[in-house]
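Here is the structure we will look at.
Nothing in this text is a laboratory measurement; each read-out follows from the coordinates by a stated rule. Since the structure is predicted, the reported quantities are computational estimates derived from the model, not experimental observations. Please note: Cβ atoms are built from the backbone with ideal geometry, for glycine as well, and neighbour counts cover all protein chains shown.
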Amino acid sequence: MVKPRVLILRVAGTNCDNETEWAFRLAGAEPERVHINRIKRGEKKICDYQALVIPGGFSYGDDISAGKVLVNEIKHNMGEDIDRFTGEKKPLIGICNGFQVLVKAGLLPWQGKQVVSLGWNDSARFEDRWVYLKTEKNASPFLKGFPSVIKLPVAHAEGKFTVDSGTTLKKIEDGKLVFFRYCSPDGGDAEYPHNPNGSAGAIAGLTSANGLIVGMMPHPERALLKCFYPDANEGGDGEEDGYGCRFFRNIVEYIK
Amino acid sequence: MPEYALEMNIIGAGDKELLEISGKNLLALNLEEMKAVKKYFTGIGRNPTDCELETIAQTWSEHCCHKIFRSDINYTEKANGKIREEKINLLGEIRKVTEKLDSDFCVSVFKDNAGIVKFNDEYGIAFKVETHNHPSALEPYGGAGTGIGGVIRDILGAGRGAKPIMNTDVFCFGLPDADYKRLPEGVLHPRRIFRGVVSGVRDYGNRMGIPTANGAIVFDEGYQKNCLVFCGTVGIIPLKNVEKKVMEDDYIVVIGGKTGRDGIHGATFSSIQMDANVSTNVVQIGNPIVEKKMMDVLLTAADEGLYNFVTDCGAGGLSSAVGEMGSETGAEVMLEKVPLKYSELLPWEIWISESQERMVLSVPGKNLKKLLELFASEDVEAAIIGQFKKTGKLEIYYKNEAVCSLDMNFLHGGVPLRNLKAQFAFPGKAEYRKDADAKTTDWPARIMKLLTDINITSREAVITQYDHEVQAHTVLKPLAGMEHSGPSDAAVLKPLYGDYRGIAVGCGINPFYGRHDPYMMAGCCIEEALRNIVSAGADPGAAAILDNFCWGDVNDEENLGALARCVKGCRDFALKYKLPFISGKDSLNNFFVEEKTGVETSIPGTLLISAVGIVGDIRKTVSSSFKRGGNLLYICGKTRKEMGGSRYYAVFGIEGGEVSEPVPSKTLPMMRKLHCCIEVGMVKSCHDCSDGGFIIALSEMAAGGGRGAEVFLDRMISDDVSPEALLFSESQGRFIVEIDRTLQGDFEKAMGKNVSMIGSVAEDGEIKVFYGGEKLFSLSAEEAEKAWRSGLQW
């Protein structure tokens, strides 16, 4: 069986590409880290891949605002290709910086002009911590087999989910476009630090209506194995294999 | 008529003029050194150019060539009315340890940009710790950021390129409540330095995508005028890439950032004292994304074996990098080919600028095209600036005009080493003074006060700003659990994606002990660094250490004497713990001269020991937090009345006392046994006793696990000392260990006489302490956690 090919987009400042590559390899795909210059020069084409991932990092130093420069690069160089890609129902995933790119490029929560953003954390600084996440009911096939609450780490300065209007938030909720929501350990409403950045609706991740474009602030690629869970060293059970890994397996399974 | 080089009149200069030239040009060369320069140029019958003089000054700077550590010292030690004299060489003493231990764990020591030890049959671990003290005092954000940037390049420049996998950061700051009005001119407030330094490390480290997973922060008034910023990086390297050699006719290629006027005279400036008049021009300007881009391509080029040698462009800029690379062959450089940030730099400025994010490669002609194409493909600057030639000379041209022609032998071997004198007067054993105020009911309040002490309280506010998990290697994180409620002793990483073998990284630093005796401070720092990694699961038999000495004015014989005694401590204790030194660095002359009064203040003599050890299987890693009520608690090691320099004495204003004396002959065998117990999965939690003593360690374990404990102080191993000493003494060689009740027999059999069962973990969340058959006091784990987590929230 041919392994699904996954393109992990890399630019100056991308820094989660290696572990994302490992995640897809563990999940049974054939990932490839590709520098954006190679796409610009036509050496690589995204249509040759079955999934496209924009990993975490500080693309172009997050100058102007997080992900902004990369958004312009993508719009100018790959805009039509990405429309065709998602039109063919191929998964498009953005993690952390990648999520910032997807919302600022108007690819989430729906394709069009930008309606939501990720602003500076309420704490006004970068924070790395583990959070509890409620897995929401939505169309995404990538949450298959998840319990209602899981744990993943976040690490960002600009992760506060904001909306341009109450109408947008309502449309997101009504359309079941929330992927992950920050919550308390027992799945209840989250306050800081459980909502680590002050996100509206405690939203930590979004999905498109068909469930195939997914963006999130948390880092599933840092929770691939039990040993990476803080509780694995704290006498708890950790989460066997890590739900991070299941997320990537679900993507690979969908492609197959 | 030379157009680009200025002739410096050295041949005709007398002593006074020589010193004037050195001072005016910020060369930091003393009279003896200037005379050696004069002699060389008199011999070849001409004056030097500005570029030549600058090259010599960079190469011979204390920062680059460590003259004090390489010189012979006549050391006099006075103790109990007796005087002992000996001749010692500081660097020699340190290297002796590694030579004597002759461990096959060491792969490359003291010769490269970082020390390298064996990870497995295929990979090595590279580790280097640098300081960036002077720049951080002047411009905290930029100074700390470029400090981290610099040590990352040391790892990229270790062997033929190691991949950075972790950063460590250790800071020493003045007290945060210092009075603004009483700060001397030219000194920034400790809080401002703290914020700037933390932000600088955060922004550079996070953008580089390297987890900052271990560190320490020390606050003491002695660092008010000179802060210390230690930056370390750990890397992984294929063993086949460790050896490197510049080949004749290789091309000199400079990669990464462009060259500007920033950081000129960084090397010479950091070799002398600070005062109010230092220009911030000497501080470099950092851009992490430029370095990240360079790193990505460089590691690809390393994989493909496109170059023979790589080194970083740090202190002294190109002059140091190319000068060192070409020391065995010779080098020819065309300065106009160096990519510049802006035009109109003078040739000597291009040559010694310390602009960041640059490295130098030695590339064989056959790979040149491929290498340049690779760098261009990701928009990273790479320029051929010359060639290594078998001339034995350093020849530099600017637009075809020779601006420098120096013999490599003179440049690297011509620095006159001094014969130094140093003395240390041993104060004799200070008397132990019982704390007259200690009342039995007072213990919980005292413990709470210690938990909020600025040198003990949680560093959560700093740690969470660092991305300590990027690259997905970090198994044991700096803080315990989902909620960060307790401390970890060390960071444990799993550097290879497909392998459960790991490393533990920890450190030891305690300038407070040094005030009593720098020799014992060295022993305690070495032991603490080792204890930290052992309690997380590292094998004490597969571990190595790094030394970083930061000292004050070493022209002062007593300061130098304290340094010499500290080095002797390093030598003796490292040998006894069988820990090879694999790399080290000294930063001397950390002192400040007040402009108005001329008053000179040196920092407290400070030693940082960093340790790295192998964890055979990271799934056996142990954290410090209590795991289950009913589990048994053991103390390993003996408690003595050793309160000198302790946090308890500092916080409650008690003077005197004896400083802790490590006992490697007992502790090392005990650590080996403990490691075996951890390796077979017998140990549920483990924490070493350090700052604040036994009760602080116990409280931290309780806070981390959200559980209490019941402990009986009389059961601690000791020679009948008071409850006060049992609770707060900082005796070395002690761990608190949690064991499943069913394994009691196995554990006691494995550990022998080294341990005593002192009680058990309590699910009810109360820490109950008994002594002499009675309850001495109790306090709740929740309160302890709250107190411990209250600090640094400004």
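Here are the numbers for the structure shown:
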| read-out | value |
| --- | --- |
| Sequence-distant aspartates and glutamates (8 or more away, or on other chains) whose Cα lies within less than 18 Å of A:Lys160 | A:Asp62, A:Asp63, A:Asp122, A:Glu127, A:Asp128, A:Glu173, A:Asp189, A:Glu191, B:Asp467 |
| Solution diffusion estimate, µm²/s, Stokes-Einstein, the stretch B:622-794, Kirkwood Rh from C-alpha pairs, 25 °C, viscosity 0.890 mPa s | 151 µm²/s |
| Tilt relative to chain B, helix B:557-576 - C-alpha long axis, 0 to 90 degrees, to 10 | 60 degrees |
| Inter-chain shielding of A:13-26 (mean C-beta neighbours from other protein chains, 10 Å cut-off) | 4 |
| Proximal aspartates and glutamates to B:Lys87, defined as alpha-carbon separation beneath 17 angstrom and excluding residues fewer than eight positions away on the same chain | B:Asp72, B:Glu77, B:Glu557, B:Glu558, B:Asp572 |
| Average beta carbon contacts from partner chains per residue of B:205-212, 10 Å cutoff | 4 |
| Net charge of Cβ neighbours under 12 Å - reference B:Leu29; Lys, Arg +1; Asp, Glu -1 | -1 |
| Helix-only CD estimate at 222 nm, as mean residue ellipticity for chain B, using -39500 (n - 2.57) per DSSP H run (n ≥ 4) | -9500 deg cm²/dmol |
| Compactness index (Cα Rg / 2.2 N^0.38 Å), chain B | 0.96 |
| The stretch B:480-577 - convex hull of alpha carbons, volume per residue in Å³ | 127 Å³ |
| Amide H contacts under 5 Å for B:Asn631, placed H, 5+ residues apart | B:Val761 |
| Trypsin sites (Lys or Arg not before Pro) restricted to DSSP loop in the stretch B:55-91 with at most 12 other C-beta within 10 Å | none |
| Cβ-based charge dipole, the protein assembly as shown, positive-most Cα from B:Met757, B:Ile654, B:Leu560 | B:Met757 |
| Gyration tensor (alpha-carbon) shape descriptor, the stretch B:158-258, a/c threshold 1.5 | prolate |
| Highest-first arrangement of B:25-36, B:492-503, where packing means the average Cβ count within 10 Å | B:492-503, B:25-36 |
| Rounded tilt (10° steps) of B:518-536 against the dominant C-alpha axis of chain B | 70 degrees |
| Reciprocal of mean inverse Cα separation for the stretch B:1-125 (Kirkwood radius, Å) | 18.5 Å |
| Listed residue pairs exceeding 23 Å between alpha carbons, taken from B:Lys620/B:Lys749; B:Lys240/B:Lys366; A:Lys3/B:Lys369; B:Lys292/B:Lys390; B:Lys245/B:Lys369; B:Lys240/B:Lys585 | A:Lys3/B:Lys369; B:Lys292/B:Lys390; B:Lys240/B:Lys585 |
| Of A:Lys104/A:Lys137; A:Lys40/B:Lys163; A:Lys89/A:Lys256, pairs whose Cα-Cα distance is over 19 Å | A:Lys104/A:Lys137; A:Lys40/B:Lys163 |
| Local net charge near A:Glu19, Cβ-Cβ under 9 Å (Lys/Arg +1, Asp/Glu -1) | -2 |
| Measure of compaction for the stretch A:1-104 (Cα Rg per 2.2 N^0.38 Å) | 1.00 |
| Whole-Å distance, taken between Cα centres, linking the stretch A:18-64 and the stretch B:30-44 | 58 Å |
| Nearest 10 degrees, 0 to 90: helix B:694-705 Cα axis against chain B principal axis | 90 degrees |
| Net charge of neighbours whose Cβ lies under 12 Å from the Cβ of A:Gly198, counting Lys and Arg as +1 and Asp and Glu as -1 | -3 |
| Under-5 Å amide H pairs with B:Ala5, H placed in peptide plane, nonlocal only | none |
| GNM top mover of A:Cys227, A:Cys16, A:Cys96 - chain A, alpha-carbon springs below 10 Å | A:Cys227 |
| 37 °C / 0.692 mPa s Stokes-Einstein diffusion coefficient of the stretch B:739-786, Kirkwood radius on C-alpha pairs, µm²/s | 254 µm²/s |
| Entries in B:Lys128/B:Lys568; B:Lys67/B:Lys341; B:Lys96/B:Lys578 that, when Cα-Cα distance is taken, lie over 24 Å | B:Lys67/B:Lys341 |
| Distribution of pairwise C-alpha distances over the protein assembly as shown, 10 Å bins, in % | 2, 11, 20, 23, 20, 14, 7, 2, 0, 0 |
| Convex hull projection area averaged over all views, the stretch A:5-255, Cα basis, nm² | 12.1 nm² |
